[in-house]
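S.K.: Got a structure here, written out as structure tokens. Questions coming.
Read-outs: derived from the displayed coordinates by stated rules, not from any lab. If you're wondering where the values come from, they're calculated on a predicted model, not measured in any experiment. FYI the Cβ positions are ideal-geometry reconstructions off the backbone, even for glycines, and counts take in every protein chain you see.
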Amino acid sequence: MADPGSVSQAAFDRLLQTLDADREQAGLKYEAIRQKLTNFFRWRGCSDPEDYVDVTIDRVTRRFQEGAEVHARDPYLYFHGVALNVLREHWKKVQKHSITALDELPPSQSPAEDPVVQREEAAERQTNELRLDCLNGCVDALPRPQLEMLTQYHQEKGGTKIAQRNELARKLDIPLNALRIRVFRIRGDLESCVGTCVKNGQR
Amino acid sequence: MKRTTDETALLTRYLLGDLSEEEQVSLEEQFFANDDMYQQLTALEDELRYDYSQGGLTAVQRAQFEKRFLTTPGDRRRVELAKAVLAKATESAKLNAALEPSRPWWASFVQFFTTPVSLASTVAAVSALGAVLFFSQTVNLRQELNQVQSRGSADQIALNEQKSQGDSLRRELQQERTRREQLEQGSASQKPASRRFLVAFALAPGLLRDTDGPKRLRVPAGADEVRLQLDLKAPVPSPDLRASLQNLEGQELWSQDAKAAGSAVTLVLPARLLPPGDYMVDLKGRGATADGARSNEYYFTVVR
């Protein structure tokens, strides 16, 4: 998947230098860009986003190696521009070969029996009971204000749900965007808690 | 709020692949350059998964979601986990709500004595609590007496009533003093009241005041007492309140009757009760049932 040819360490260093004069900060920014690119390709419907991220970063680095100057008002936008080109090439390839990856099919069109999936599902059933125990423990350990915030946020459906979330944000005296991030973190913490618990239980 | 709702709708359409190429590129340029917008998108994607698991999307949105975010066994597992998390969380919240009003008064009492703390710190904490009560009642008594004196002889009946109340408070004060002396005898390390080191903070009600989380109170290592001024968001029907200090597991660490003065209530807590961590003070009408009364909650984080 990666483009032919290799990029030099000097070119990569120059890339980092463009992101930030401080090497440590540059490393953090580089990781943030990788993460954004991964989601960019995923949100655009690519099934193997990491591969496309590698291609994008290789191309940007190579352009630095060739002496290119970044004229974009922000280096992030330069990455986005290159990523769009990589994405368009991906679409052309898909159209040319009429490729639809199996894992890009909606569930209703997926093959009925996939041995890999079947094996995974069998293993999954074995850990279901453990996962349920872990889930109970993690939810019970959740501080009560967070539990209430989570359940109130997800209480209703449709228009009522939007009104409920706005009302909750008003009560807490925070913007809706901040409330969304807060609830997102609560869900993330719960899922991490369950994941860690299942992993420890399987050892 | 309308702007936020419109923005949410736009971001949702992006995630579900429902925007034109031009709109997509424009939005991507924003999230590549703006971390806040990127965070909103990642949070919204996760939210869509939870909404989907609850059957909360329209038929069109469901189809779009399945096409984009439900393509691998891993995706399906995450949706199942989302469904299970919400089911369990809802069940727990309902159970908490059902149990809360029927919680007997002695539960807090038993919990206090079953909480694993050392004897020395318990003695010190109770002693400091005695000091708080002593201070609080002294202030109350002085206020009562001042009021009585200011009315003069024109209202003799009211004066007598106030005096009677003053006597009663004086007796209670004397009892508190005796109790405190007994406790102080048992705690050699106790500092004299005149040398107590008190730090004060003001708190507003609500879970969070900003996206950075609860207010952080830096309590110096040598502090003996922490005074919290709790601002009331709205007038309370009765000034007689009950304050309960809890950790975020809902465990009550300390409680005390409190009186609203104007638009605030002041509490003085022993600093020993507040090691670094997250806390909540629940303030509600005295004698009110948990579900029948509006309570004010004050969240804060203690750092040392």
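S.K.: Residues of B:39-46, mean number of Cβ from any other protein chain within 10 Å of their own Cβ, rounded to a whole number? Don't skip to the end; give the middle numbers.
M.R.: Details: counts 4, 6, 4, 7, 10, 4, 4, 7.
Partner-chain Cβ atoms within 10 Å, mean over residues of B:39-46: 6.
S.K.: Something else now. Just tell me how shielded A:129-142 is by partners: mean number of partner chain Cβ atoms within 10 Å of each residue's Cβ, no decimals. Mind dumping the intermediate values first?
M.R.: Values: counts 0, 0, 4, 2, 0, 0, 6, 4, 0, 3, 10, 4, 1, 7.
That average works out to 3.
S.K.: Hey, rough spin-label estimate for residue B:77 and residue A:164, points 7 angstrom out along Cα→Cβ, what's it come to in nanometres?
M.R.: The answer from the label model is 2.9 nm.
S.K.: Are any of the pairs A:171/B:215; A:29/B:67; B:94/B:259; A:157/B:67; A:92/B:67; A:161/B:88 more than 24 Å apart by Cα-Cα distance, and if so, which?
M.R.: Values: A:171/B:215 17 Å; A:29/B:67 31 Å; B:94/B:259 32 Å; A:157/B:67 22 Å; A:92/B:67 20 Å; A:161/B:88 19 Å.
The pairs that break the limit, which is 24 Å between Cα atoms, are A:29/B:67; B:94/B:259.
S.K.: Additional query: Averaged across B:6-18, how many Cβ atoms of other chains sit within 10 Å of each residue's Cβ atom? If you can, show how the numbers build up before the last one.
M.R.: Values: counts 0, 2, 5, 1, 0, 0, 0, 0, 2, 3, 1, 3, 0.
Counting Cβ atoms of other protein chains within 10 Å of each residue's Cβ and averaging gives 1.
S.K.: Could you give the distance between the Cα centres of region B:226-259 and region A:141-203, to the whole Å?
M.R.: Between the Cα centres of region B:226-259 and region A:141-203 lies a distance of 25 Å.
S.K.: Enumerate the residues in region B:221-240 having an amide nitrogen under 13 Å from the point lying 7 Å beyond the Cα of residue B:251 toward its Cβ.
M.R.: From region B:221-240, the list is empty.
S.K.: For the pair residue A:35 and residue B:200, how long in nm is the line joining their label points, each one 7 Å along Cα→Cβ?
M.R.: Spacing of the two 7 Å Cα→Cβ label points: 4.2 nm.
S.K.: With only alpha-carbon atoms in the gyration tensor, what are the semi-axes of the equivalent ellipsoid for region A:130-203, in Å, largest first? All intermediate terms of the calculation are to be shown ahead of the outcome.
M.R.: Values: eigenvalues 159, 27, 19 Å².
Listed largest to smallest, the semi-axes of region A:130-203 are 28, 12, 10 Å.
S.K.: With a 10 Å radius around each residue's Cβ, average the other Cβ atoms per peptide and rank B:237-244, A:183-190, highest first.
M.R.: A:183-190, B:237-244
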